[in-house]
Amino acid sequence: MAINFETELNEEQYAAVISQSPTNLILAGAGTGKTRTLTYRVAWLLEKGASPDNILLLTFTNKAAREMLQRVEALTGFTNNLFYGGTFHHICQRLLRRHAENPNFVILDEDDSLALFDGAMRSVAPDFPKNKSNPTARVLFEAVSFSRNAMRSVAHVIEEKYPYLADHGGMLKLFIDRYQSIKAEQNAMDYDDLLCHFVRLLEEKPDVAAHYNQQFRHILVDEYQDTNPIQLKMIDLMAQDGQIFAVGDDAQCIYTWRGADIRSIIEFPRRYPQTKVTKVQVNYRSTPEILDFANEIPVAERFEYAKILKSTKNSFRKPLVVSVLDVRQQANFIIKRLAGLLGEGYSLPEIAVLYRAHYQSMELQMELTRHNIPYTITSGVRFFEQAHIKDILSFLRFIINSGDSRAFVRLLCRFPKVGEKTAERILLYLQQSAEATRRDLFSLFEEAEVVKKIPAAALEHWWPFTRVLRRLYSGASDFFGDPASRAPADLFPCEPQTSEKSPSFERISEMIFFILDGEYGEYLKRNYGNWQARWDDIEGFANFCDKFRDLSELIQQVALLQSESNGEAADVAESLRLSTVHQAKGLEFAAVFIIGLNENSFPLKRAVAEEEIREERRLFYVAVTRAQRELYLCVPNQAVTDGKKNYFPAPLQRSRFIREVDQKFFETINFAEKSAPAFSGMGRWSGRPDSNR
């Protein structure tokens, strides 16, 4: 069936699809039909006589590849197995099997790769993983993987991205060498090998590179702005004649932390001087008002890359900047507005709440659970079920109840040679000794008989760990709540055995920061490649905790929340979506709430400090352009803490990303909460128009 390209595409898409230039950069804005443009480009090439095996389609996900090839088949009748299409890794393994000495190599998945690396590490230095002061295999493996994808030396990557691994560079080189040897012996490749070996093949065998340059006369690349250096090198080697049709959007480059390099798209015309740049700016997703707001966000890296998105939708309402007192009122606004949206005909799956970091959804998760509103999280597990949050709660649980064996065992099992039974025996001895001597359990940590029961390998961790517990216990007595509710062993007065000055904590958050600044902060760095995000979670949790008057109340509320959420098996198909902006890229929703739009929250404080503000701004742009009809930008005005002694209001500054947009492109309301909302029977929100920014 003949395709009328001119009538089936808009003017900009048509210009991109029929371009006669061998090298094309298509700057496709959010919601402009990127997939449609790529699909019709393939169809146009076929109509002009290209053979399917002369077309290479590179994507970042198997889902995207399947969708495009299925569309091509539906459009042209050519079955998708005739094309070379798929992720970079899929294409590399397919072509490597043609050239490998033993083409039956095994591909290791992420878990298998990590297990093999861990085995290599243990074979080189058996005692290395036993010392829990050393980084874990996972952290080291992530550093190695990043270096390979970024095409930079491990030493350089450690210096710039993982400075806390500086003392382990020598050992890491030995681990890498052994890991590579084991893979060679087993004829196995991990995901990074697929890219690295294929690039090496093209570099070392010019005849192979020339062959693929001639075979793939049309190389189409999706999401070009997300290519990392090794992927970019692969494309350059295969497209020596510049036969590239790259589709991307510099304004949506948000994965530089994963190795993507925005220079890949910014410098594209310089690398390929014959490049024709085409902008695709007609948006089929959002209302004119949402696009007017998005167009004001200064995300273009270069003037000539600036895009003005134009809507095909009918006019609706302007984005609404919602000024709320604090994060609790922010949650209640969302719940109240949800009821209004449902009453207006929307369904929960059409609505999303987006945030910069996982911890920012904590208060909302609690309120949604209390109101029996089903929600699905695409940014990870529920906040209070994360390992690092459970660890912090275990510290707090144990200092108010030394009979809490689960908390103590969880904390102690982090150390070498300590399993559950060993931890339970240590705790039992401490409890029996405290009862026999009528001393508090925390004063016994340094007793000789107690120390004898600690495995030798764990002793270096025992001292800083128990020092934190002891100082927490002695400095946080104001937060223990009703003394009658405490465990018997804790009723005896504290008798510090050292001359250390005990801190006096004014707020629960101070206790959590004290934990984080001690051995637990070092534990995060050793064990998690994403330790900074976990650190942010804990800091957010610390501030959240200041609303509670004592530790018992906090722990009881969290336990109740977990029990309620675990008991409700929400139907994912009928749930509200909660997501980080990163996880929401590529998705769209009728109504979107963006929460926590304050300085140090969005943008994140550490991102500003590290001068990554441009990527933060691109993240905001991605969040805004997920919305189809309604957009709510929530701005808490203060962080309110309710300690045992006083209120501690801390003013918050509105995010610069809102301040950068002219106020004529949005409306503002001050949400006035008059009563605690009940989900059923709610209408529209209460608030008053306010033009103040």
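The values are calculated or read from the model by the stated rules, or taken from the named source; none is laboratory data. Bear in mind the structure is a predicted one, so any value in this text is a computation, not a measurement. A quick note on method: Cβ atoms are made from the backbone with ideal geometry, for glycine too, and the neighbour counts reach across all protein chains shown. Remember, those area values only see protein heavy atoms, side chains included, never the ligands or the DNA or RNA. Shrake-Rupley method; radii C 1.70, N 1.55, O 1.52, S 1.80 Å.
In order along the range 448-461, the phi-based Karplus estimate (6.51 cos²θ - 1.76 cosθ + 1.60, θ = phi - 60°) of 3J(HN,Hα) comes to 4, 5, 6, 4, 4, 8, 8, x, 4, 5, 9, 4, 5, 8 Hz; Gly and Pro are listed as x.
What is the range 592-635 by shape, rounded, prolate or oblate, if you read a ≥ b ≥ c off the alpha carbon gyration tensor as root eigenvalues and call it rounded for a/c under 1.5, prolate for a/b larger than b/c, and oblate otherwise? Oblate, since a/c reaches 1.5 and b/c is not below a/b. Against the empirical curve 2.2 N^0.38 Å, the C-alpha radius of gyration of the range 182-315 lands at a ratio of 1.32.
Hydrodynamic estimate: the Kirkwood radius of the range 71-157 over Cα pairs, inserted into Stokes-Einstein at 4 °C and 1.567 mPa s, corresponds to D of 79 µm²/s.
Note on residue 514: accessible area approximately 50 square angstrom, rounded to 10, probe 1.4 Å, nucleic acids and ligands left out. Could you list the residues of the range 157-195 with an amide nitrogen less than 15 Å from a label point located 7 Å from the Cα of residue 522 in the Cα-to-C-beta direction? Within reach of a label on residue 522, which here means backbone N under 15 Å from a point 7 Å along Cα→Cβ, the range 157-195 contributes 164-168. For the range 248-342, the list of trypsin sites (Lys or Arg not before Pro) that fall in a loop by DSSP and count at most 16 other C-beta atoms within 10 angstrom reads 302, 317. Per residue, the chain exposes 43 Å² of solvent-accessible protein surface, assessed with a 1.4 angstrom probe and all protein chains in place. Principal-axis analysis of the Cα atoms of the chain puts helix 62-76 at an angle of about 30° to the longest axis. At the residue level, residue 347 shows approximately 40 square angstrom of accessible surface with a 1.4 angstrom probe and all protein chains present. Rule-of-thumb check for the range 511-556: C-alpha Rg over 2.2 N^0.38 Å? Ratio of Rg to 2.2 N^0.38 Å for the range 511-556: 1.25. Radius of gyration over Kirkwood radius for the range 284-390, both on Cα atoms: the Rg/Rh ratio is 1.03. Compared with the dominant principal axis of the Cα atoms in the chain, helix 327-343 is inclined by about 50°.
A cut-off of 5 Å between modelled amide H atoms, ignoring neighbours fewer than 5 places along the same chain, links residue 598 with 655. For trypsin sites (Lys or Arg not before Pro), the sites in the range 15-92 that DSSP calls loop and that have at most 16 other Cβ atoms within 10 Å are 48. The Cα atoms of the range 226-282 give a gyration tensor whose axes a ≥ b ≥ c have a/c of 1.5 or more with a/b no greater than b/c, which makes the shape oblate. Helix 110-124 and the longest principal axis of the Cα set of the chain meet at an angle near 60°. Rounded to the nearest whole Hz, the Karplus-based 3J(HN,Hα) values (6.51 cos²θ - 1.76 cosθ + 1.60, θ = phi - 60°) of the range 199-210 follow the sequence 5, 4, 4, 5, 6, 7, 10, x, 5, 5, 4, 5, with x at glycine and proline. The share of C-alpha pairs in the range 423-467 whose separation exceeds 13 Å stands at 52 percent. According to the calculation over all Cα-Cα pairs in the range 191-236, the P(r) per 5 Å bin from zero is 5, 19, 28, 27, 17, 4 %.
Compute the Cα gyration tensor for the range 38-193, then decide on rounded, prolate or oblate, letting a ≥ b ≥ c be the square roots of its eigenvalues: rounded whenever a/c is under 1.5, prolate when a/b is larger than b/c in the other cases, and oblate in all that remain.
Here the range 38-193 falls in the prolate category.
Listed values for the range 356-363 are Karplus-derived 3J(HN,Hα) couplings in whole Hz (6.51 cos²θ - 1.76 cosθ + 1.60, θ = phi - 60°), namely 6, 9, 4, 5, 6, 8, 4, 4, and x replaces Gly and Pro. Entry note, the chain: the mean residue ellipticity at 222 nm calculated from DSSP H runs of n ≥ 4, each adding -39500 (n - 2.57), is -14000 deg cm²/dmol after division by the residues and rounding to the nearest 500.
Rg to Rh ratio, the chain, alpha-carbon atoms and Kirkwood radius?
Radius of gyration relative to Kirkwood radius: 1.01.
Computed over protein heavy atoms with a 1.4 Å probe, the carbon and sulfur contribution to the accessible area of the chain reaches 49%. When the Cα atoms of the range 253-308 are aligned to their principal axes, the ranges along those axes come out at 37, 30, 19 Å in descending order. Between the beta carbons of residue 267 and residue 185, assuming R0 = 35 Å, the FRET efficiency works out to 0.30 to the nearest 0.05. Per residue, the average separation of C-alpha pairs within less than 8 Å and at least 6 apart gives the range 5-130 a relative contact order of 17 percent.
Our estimate of slack between residue 159 and residue 306, defined as 0.36 nm per intervening residue step minus the Cα-Cα distance, is 49.5 nm.
Across the range 243-344, the fraction of Cα-Cα pairs farther apart than 19 Å, rounded to a whole number, is 62%. Applying the criteria of a DSSP loop state and at most 12 other Cβ atoms within 10 Å to the GluC sites (Glu not before Pro) of the range 20-124 yields 101.
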